[in-house]
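Visitor: Mind looking over this structure? Questions follow.
The values are calculated or read from the model by the stated rules, or taken from the named source; none is laboratory data. Keep in mind it's a predicted model, so treat the numbers as computed, not measured. Here Cβ is always computed from backbone atoms with ideal geometry, including for glycine, and neighbour counts include all displayed protein chains. These area figures cover heavy atoms from the full protein model, side chains too; ligands, DNA and RNA do not enter into them. Shrake-Rupley method; radii C 1.70, N 1.55, O 1.52, S 1.80 Å.
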Amino acid sequence: MSSTTTEEVTDRVAGGVVDADERLAYRGVFQRLLVQPEIGAFIAAIAIWVFFWAVSVPFGKASGASSILDVAASPLGIMAVAVAMLMIGGEFDLSSGAATGALGIVLVLLVRDVTGELAGAGFNLYVALFLSLLVALGIGWFNGAMVNRTSLPSFIVTLGTFFILRGAKLGFSKLIVEQIQVGKLDDLEIFAEENGTDRGYGFLSKVFAGEWNRNTHIWEGRDNVYIIAAIVGFALLVLGVYELNHRRGKGNPIGFGLFAGGIGLLIFGVLTLHNTDDVSGNRLGAILMFAGMLVGLVGWSLARFDRNENRTFGIPANASQAMVAGLIALGLAVFWALRLDPDNAENISWLALVTEQGARAILFMVFVSAAAVFMLISVNRARRVSDIGGSALLAITGAATIAMAFFIRSESGTHKFRTGAFSALLIIGGLIIVWSLTSMLFGKRNKVVAGADRFGLTLVGLGVLGLLVSIAARLLWVTQAELDAEIPRTIFSVRILWFVAFTAVITWVLRRTKFGSWTFAVGGNKDASRQVGVPAGRTKIQLFMLVSFAAWLVGILLAFRLNTIQASTGDGEEFEYIIAAVVGGTALTGGYGSTFGAAIGAFIMAMAVQGIPSARWNSDWRFLFVGTILLLAVIANNYIREKAEASR
């Protein structure tokens with residue numbers, strides 16, 4: 001996660017990060033998390049996924065995940081990450097969309113045989129990749145140099161480049177191949193049969209167009225790995241947050257024994273829920289899970305943390321009012337869930353756009369979301385007066401969450417609600433109650449402790465890794481029972497790996513390197529950054545070249561995916577890249593943002609592309625959805641940025 005301000009960057013240009021100023025008030029783990037630029041996009045992504053999961057069938061299944069990830073990966077995700085980096089540097093590139101198609105066409109023309117059906121240079125594919133990369137970097141250098149030397153807004157310069165590339169794609173395509181599409185790249189397979197060489201196509205097609213067929217990879221132990229990795233990952237994640245939030249103390253060794261017993265109860269409770277679908281089994285599983293979390297976390301806290309000496313209790317009036325509003329919203333959610341028919345698939349007269357069962361799901365989720373917001377506001381207001389008062393309201397929030405879990409369990413006839421939603425809400429509600437109880441008993445951190453921070457972050461990292469292993473096991477493998485049930489064929493493309501790798505590298509560059517600090521500096525204040533030694537002109541040129549490199553990579557992926565590229569490929573998509581970056585927390589004014597957030601923004605837009613038709617809505621509503629989330633993202637990002645700057 002990458003965030004900073006221009007003032008901080010001027011102290012980081014030498015390549016190091018300045019230690020925290022001891023004069024500044026200590027910020028807890030949640031305060032630090034909530035001022036990250038991508039946190040709004042992360043919360044929105046979860047909410048949108050849950051919404052579409054509730055109203056459509058593909059969401060929550062491997063086939064749906066593969067479609068979403070494929071749309072998010074390329075071209076949208078890779079380009080959004082690069083464009084976000086450029087926007088943090090204070091510039092735009094309106095030619096980025098057209099460049100993807102142009103560079104794909106360049107690659108195809110370079111490898112086509114002059115004597116073949118379509119004209120071309122006839123180069124080896126490895127040579128063509130290198131030459132097309134030079135063309136891409138040249139386009140980026142041209143954009144950056146023009147912006148620096150003319151002092152024109154990058155909007156104007158790259159708009160000109162956009163029309164140049166658009167015209168060049170049309171003109172050269174018609175001039176060389178006498179049509180507006182260029183291809184086919186997979187004809188190199190035919191060339192290999194005739195001439196004994198495929199010019200590198202066989203190997204590179206696996207690199208840029210490889211696929212993983214889930215249905216051909218059977219693993220009978222998958223579910224065991226899925227459950228164990230999820231439990232271990234979740235436990236480590238929670239323990240890491242505890243380490244970052246609570247005050248270290250002498251501890252009691254007995255606590256580790258209680259912790260081990262709690263883990264055993266938790267595992268037994270999860271297995272009970274997983275293997276039963278009756279009310280008594282669900283209740284037993286819930287009790288065992290709650291007991292396991294309580295015993296385990298209390299044990300860990302006894303072994304690691306100081307007791308809480310602050311016993312003051314108080315709940316301000318505005319906190320009580322927010323809690324009442326949250327409970328009323330929950331009541332309305334229950335009312336509409338009982339009032340509307342879950343089996344009626346016909347449109348209702350007073351809301352003709354959706355069916356009655358769809359309206360039921362929408363209203364229920366809207367009011368439940370509103371209730372969650374009001375309750376969290378209530379807890380936050382109470383904590384300003386008394387930690388114990390805030391913890392008491394947090395316990396009420398957890399109890400309400402568990403109550404909603406059992407309500408969903410009793411009212412739903414769908415398996416995914418009776419098991420998936422029920423289990424998730426049960427775990428979340430139980431964890432909230434346990435957290436509130438331990439917060440009353442054990443003290444919160446009030447200063448930076450380097451060792452505890454390192455240990456906590458290590459646990460968080462291992463927890464996230466465990467959750468990723470759990471998700472990967474579930475998505476990438478099947479069991480024989482699923483194959484016997486004739487599940488849909490599911491393909492995961494190598495483009496997803498390219499997207500993940502590109503995002504990871506660019507996020508690391510932005511957060512951990514001198515060039516990343518320079519990017520924030522030139523985006524916040526170009527003149528001020530020059531005064532502290534930042535090579536502003538060179539940095540901006542390199543940022544434009546990074547976007548062109550991303551366009552080259554996307555162009556290659558498109559060429560291997562489509563084999564034939566239209567002259568209009570990529571035109572106009574630059575606005576979607578910018579929207580994804582803004583939704584992910586990047587400021588339009590430069591100097592602030594997150595490349596990881598841009599990847600999340602691409603994921604949100606991909607969910608809209610796949611979710612709206614999956615919910616059997618008119619696909620034209622996608623544009624309304626995208627416009628709405630853009631406006632909401634800008635408002636949320638401005639709010640988060642103000643909070644981040646105020647807390648420093």
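Visitor: If I model a spin label as a point 7 Å beyond the Cα along the Cα-Cβ vector, how far apart are those points for M365 and D223 in nm?
Guide: 2.7 nm
Visitor: In terms of Cα to Cα distance under 28 Å, which lysines are near enough to K61, apart from those fewer than 8 places away along the same chain?
Guide: K206, K416
Visitor: To the nearest 500 deg cm²/dmol, what mean residue ellipticity at 222 nm is calculated for the chain from DSSP H runs of n ≥ 4 alone, each contributing -39,500 (n - 2.57), summed and divided by the residues?
Guide: -23500 deg cm²/dmol
Visitor: Across 10 Å bins from the origin, how do the percents of Cα pairs in the range 196-240 run, short distances first?
Guide: 20, 23, 22, 21, 11, 3
Visitor: Straight-line reach only, C-alpha to C-alpha below 29 angstrom: list the lysines that K514 could link to, leaving out same-chain residues fewer than 8 apart.
Guide: Counting by Cα, and skipping residues close in sequence, K514 has these lysines nearby: K447, K526, K540, K643.
Visitor: Taking only Cα atoms, what is the 0 to 90° angle, nearest 10, from helix 279-304's long axis to the longest principal axis of the chain?
Guide: 90 degrees
Visitor: Then there is this: With the dipole of the chain worked out from charges on the C-beta (+1 for Lys and Arg, -1 for Asp and Glu) around the Cα centre, which of M323, V547, F596 lies farthest toward the positive end?
Guide: Farthest towards the positive pole: M323.
Visitor: Let me ask something else about it. Which translational diffusion coefficient, to the nearest whole µm²/s, is obtained for the range 535-642 from the Stokes-Einstein equation, given a Kirkwood hydrodynamic radius over C-alpha pairs, 10 °C and 1.306 mPa s?
Guide: Value of D from the Cα-based Kirkwood radius: 101 µm²/s.
Visitor: To continue, here is another question. Need the full-extension length gain, I328 to I164, defined as separation in residues times 0.36 nm minus the C-alpha distance. One decimal, nm.
Guide: 53.2 nm
Visitor: Let me ask something else about it. Taking the simple approach of a point 7 Å from Cα along Cα-to-Cβ for both K447 and D186, what is their distance in nm?
Guide: In this crude label model, K447 to D186 measures out at 6.6 nm.
Visitor: Give me the base-10 log of I(q)/I(0) for the range 32-155 at each q in 0.11, 0.23 Å⁻¹, Debye formula, one uniform scatterer per Cα, rounded to two decimals.
Guide: -0.65, -1.27
Visitor: Using a ≥ b ≥ c from the Cα gyration tensor of the range 395-512 (square roots of the eigenvalues), is it rounded, prolate or oblate, where a/c under 1.5 gives rounded and otherwise the larger of a/b and b/c decides, a/b for prolate?
Guide: oblate
Visitor: Here is a further query. Could you sort I180, I388 by accessible area so the largest value comes first, with the probe set to 1.4 Å?
Guide: Correct descending sequence by accessible area is I180, I388.
Visitor: In nm, give the distance between the simple-model label positions of F623 and L457, each being 7 Å from the Cα along the Cα-to-Cβ direction.
Guide: If labels sit at F623 and L457, their model points lie 4.5 nm apart.
Visitor: In degrees, nearest 10, range 0 to 90: what is the angle between the Cα axis of helix 422-441 and the longest Cα principal axis of the chain?
Guide: The answer is roughly 60 degrees.
Visitor: Report the full-extension gain for the segment Q31 to Q480: residue separation times 0.36 nm, less the Cα-Cα distance, to one decimal in nm.
Guide: This chain segment gains 157.0 nm when fully extended.
Visitor: Dipole of the chain (Lys/Arg Cβ +1, Asp/Glu Cβ -1, origin at the Cα centre): which of G389, G264, G584 lies farthest to the positive side?
Guide: Working it through, the farthest residue towards the positive pole turns out to be G389.
Visitor: On the accessible surface of the chain, probed at 1.4 Å, how many percent belong to carbon and sulfur atoms?
Guide: Result for the chain: 65 percent of the exposed heavy-atom area is carbon or sulfur.
Visitor: Once the piece of chain linking V464 and D527 is laid out straight, how much longer is it, given 0.36 nm per residue of separation minus the C-alpha distance between them? Walk me through the intermediate numbers first.
Guide: Values: separation 63, 0.36 × 63 = 22.68 nm, distance 4.03 nm.
Length difference between fully extended and current span is 18.6 nm.
Visitor: Not counting the cut sites, what is the longest span of the chain without GluC sites (Glu not before Pro) that DSSP labels loop and that have at most 14 other Cβ atoms within 10 Å?
Guide: 487-648
Visitor: Hey, with R₀ at 22 Å, roughly what FRET efficiency would V505 and F130 work out to, going by the Cβ-Cβ distance, to 0.05?
Guide: Approximately 0.65, to the nearest 0.05.
Visitor: Right, another one. For an R0 of 35 angstrom, estimate the FRET efficiency from the Cβ-Cβ distance between N215 and A260 and round to the nearest 0.05.
Guide: For R0 = 35 Å, the calculated efficiency reads 0.30.
Visitor: State to the nearest 20 debye the size of the charge dipole of the chain about its Cα centre, where the only charges are +1 on K and R beta carbons and -1 on D and E beta carbons.
Guide: With Lys and Arg at +1 and Asp and Glu at -1, about 2220 debye.
Visitor: Given all pairs of different Cα atoms, what value in angstroms does the Kirkwood hydrodynamic radius of the chain take?
Guide: This gives a value of 27.2 Å.
Visitor: Then there's this: What is the calculated FRET efficiency for F313 to T589, with r their C-beta to C-beta distance and R₀ = 51 Å, to the nearest 0.05?
Guide: Values: r = 44 Å, r/R0 = 0.87.
About 0.70, to the nearest 0.05.
Visitor: Report, in degrees rounded to the nearest 10, the 0 to 90 angle that the Cα long axis of helix 356-383 makes with the longest principal axis of the chain.
Guide: Orientation of helix 356-383: about 70 degrees from the principal axis.
Visitor: Still on this structure, please answer the following. Taking the Cα centre as origin and putting +1 on Lys and Arg beta-carbons and -1 on Asp and Glu beta-carbons, what dipole magnitude results for the range 460-554, to the nearest 20 debye?
Guide: 720 debye
Visitor: Loop-only trypsin sites (Lys or Arg not before Pro) in the range 208-292, please: DSSP not H, G, I, E or B, and at most 13 other Cβ atoms within 10 Å.
Guide: K250
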